[in-house]
Amino acid sequence: MRTYRNQDLIVYWKPEKCIHVGYCIRNLPSVFNVKKRPWIDINGAPPEEIIKVIDICPSGALLYSLPEGSRVDPDLGKGPGSLHYHCEDLQVEVRLLKDGPILIKGPSVLFDESGALLKTDDNLCLCRCGKSKNPPFCDGSHR
Ligand code: FES
């Protein structure tokens, strides 16, 4: 997991979880730009805007937290993209992406065909195109 930080926000990126939906680069290119290195410029927009975009990242590849002393409203830092986010009602959301994976948001435990534990996570992206090189997880190959 890579981290990007400033005084008000810490952004975490888990590249292995990215399914390349592109919400981040389309909604906030001043921060998320794959043509630049590093591709995340945490000073490219106010932290509140970065939080809004990360909250809609469906894969959980992008997360954030507020460092001590952050000037961001603490309530804003509790969204679904927060590193410490937990579904308080334990509701699990299952979403089918058009021509893409199955997204499962919420505390989940995934077992394989033999019943062996594969993964425990709050964000699972499962391949349904059959092209993933890391089945049963989506790796973006559906594009
Ligand atoms: S659905 Fe993404 S790799 Fe298959």
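Computed from the coordinates by the stated procedures, all read-outs in this text should not be read as laboratory data. Given the structure is predicted, the values throughout are model-derived calculations rather than measurements. Cβ: placed from backbone, ideal geometry, glycine included. Neighbour counts: every protein chain shown.
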Let me check against my output: what whole-number percent is the relative contact order of the chain, with C-alpha pairs under 8 Å and at least 6 apart? 19 percent
Contact order relative to length of the stretch 86-143, as percent, for alpha carbon pairs under 8 angstrom and 6 or more apart: 27 percent
Range in the chain, longest, excluding exposed GluC sites (Glu not before Pro) [loop by DSSP; at most 15 other beta-carbon atoms within 10 Å]: 1-67
Restricting the count to DSSP beta bridges whose residues both fall in the chain, what percent are antiparallel, rounded to a multiple of 5? 95 percent
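What length, rounded to one decimal in nm, is gained on full extension from L110 through to N134, with 0.36 nm per residue of separation minus their alpha-carbon distance?
Between L110 and N134, full extension yields 7.2 nm more.
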Would you mind ranking H20, H84 by Cβ crowding within 10 Å, fewest neighbours first? H84, H20
How about the stretch 11-101: which trypsin sites (Lys or Arg not before Pro) there lie in a loop by DSSP and see at most 15 other Cβ atoms within 10 Å? K35, K36, R71, K98
Efficiency of FRET between D99 and D73 - r from beta-carbon atoms, R0 41 angstrom, step 0.05: 0.65
